[in-house]
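Note sheet for the following structure.
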Amino acid sequence: MIIAVDGPAASGKGTLTRKLAEHFNLARLDTGMIYRAVGLKALEIGDPADENVAVEAARSLAFDDLDQAGLRDEAAGKAASQVAAIPAVRDILLKFQRNFATNPPNNKNGPVNGAVLDGRDIGTVVCPDAPYKLFISASSEVRAERRYKELQERGEEAIRSAILRDIIDRDERDRSRTVAPLEPATDAEIIDTSDMDADAVFAAALNFISSQS
Ligand code: DC
């Protein structure tokens, strides 16, 4: 079983895929973390928007980098979105993601029944043959508010207007890039979560998956 979940920043993909992974006993890969780790590495080397810097960062990516502190920070998100627009970077990271989908690692319960991946291009590029594809969206205002609350709960300082600005910029960069832009696969189920809570989104996803089985 492979479930592909795509959508813009802060749309709730992480919450949904955690629930799906537990429900179906799947290995889960948040592919945004891979781009974030490359983004942070690139920031250490130089300008993340510079192809040479970003490619060097992608080539040196190691598994341990995916656990480091700071990956969820807004700076890492911005750098991730910059390196993600570079085709050579995406090429390097594609293999890793496909390998995870077809040979998912065991989880704490032992062998799994498949994989759930979330990102921007899972249904369109990474796993175009996935039997279940979901595209999760919500208005930029709703997503900014969710991110704001999340940061507040973590005790981090946050400015609403700056978060909204960052989300709008990131959407624009993710949607307008020439390679693997953020867009729903033609066969994806689109769920607008603007007026839904996490349980309602999960229920809608399960409904779709059972309708396809
Ligand atoms: O989901 P996220 O906010 O953690 O992702 C960070 C950035 O990484 C996002 O702005 C675009 C990029 N990304 C991508 O281009 N393709 C993916 N499959 C996942 C993330």
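Would you say residue 64 is at negative phi, surrounded by fewer than 20 Cβ atoms within 10 Å (Cβ to Cβ) and either modelled with pLDDT of 95 or more or within 16 Å of the chain's Cα centre (by Cα) (or both)? Taking the combined requirement at face value, the residue does not satisfy it. Report yes if residue 79 is touching a residue at least 40 places away in the same chain (Cβ under 8 Å) and more than 30 Å from residue 189 (Cβ to Cβ), otherwise no. In short, yes. For the range 15-43, the set of residues classified as touching a helix residue (DSSP H, G or I) at 6+ places or on another chain (Cβ under 8 Å), of a type outside the set (A, V, I, L, M) and part of a helix (DSSP H, G or I) consists of 15, 19, 23, 31, 32, 35, 36, 39, 41, listed by residue number. Cβ-Cβ contacts under 7 Å between residues 6 or more apart (or on different chains), taken from a first residue in the range 15-27 that is farther than 20 Å from residue 196 by Cβ and in contact (Cβ under 8 Å) with a residue 12 or more places away in the chain to a second residue that is of a type in the set (S, T, N, Q) and not in a helix (DSSP H, G or I), are listed as 24/113; 25/109; 25/113; 26/113; 27/107. Considering only the range 186-213, how many residues are free of Cβ contacts under 8 Å to residues at least 40 places away in the same chain and acidic (Asp, Glu)? Here the count works out to 3. Of the set (1) near the ligand (Cβ under 10 Å from one of its atoms); (2) at pLDDT 95 or above, all apply to residue 16 but (1).
Checked against (1) more than 8 Å from the ligand (Cβ to nearest atom); (2) at pLDDT below 95, residue 120 passes all but a single condition, namely (1). Summed over the range 153-201, the residues that are more than 13 Å from the ligand (Cβ to nearest atom), crowded, with 19+ Cβ neighbours inside 10 Å and not acidic (Asp, Glu) give a count of 4. Inside the range 123-140, residues that are surrounded by 19 or more Cβ atoms within 10 Å (Cβ to Cβ), away from the ligand (no atom under 16 Å from the Cβ) and closer than 23 Å to residue 178 by Cα make up a count of 0.
On inspection, residue 42 does not qualify as touching a Leu at 6+ places or on another chain (Cβ under 9 Å) and closer than 26 Å to residue 11 by Cα. The single residue among 128, 105 that is modelled with pLDDT of 95 or more, out of contact with any Phe, Trp or Tyr (no Cβ under 9 Å at 6 or more places or on another chain) and not in a helix (DSSP H, G or I) turns out to be 128. Residues satisfying the criterion are present in the range 75-95 (criterion: assigned to a helix (DSSP H, G or I), of a type in the set (S, T, N, Q) and within 15 Å of the ligand (Cβ to nearest atom)).
Is the range 53-71 home to any residue that is within 13 Å of the ligand (Cβ to nearest atom), in contact (Cβ under 8 Å) with a residue 60 or more places away in the chain and of a type in the set (A, V, I, L, M)? Checked the range 53-71: no residue is within 13 Å of the ligand (Cβ to nearest atom), in contact (Cβ under 8 Å) with a residue 60 or more places away in the chain and of a type in the set (A, V, I, L, M).
The values are calculated or read from the model by the stated rules, or taken from the named source; none is laboratory data. As the structure is a computational prediction, the values presented were derived from the model and not from experiment. All Cβ positions, glycine included, derive from the backbone under ideal geometry; neighbour counts span all protein chains shown.
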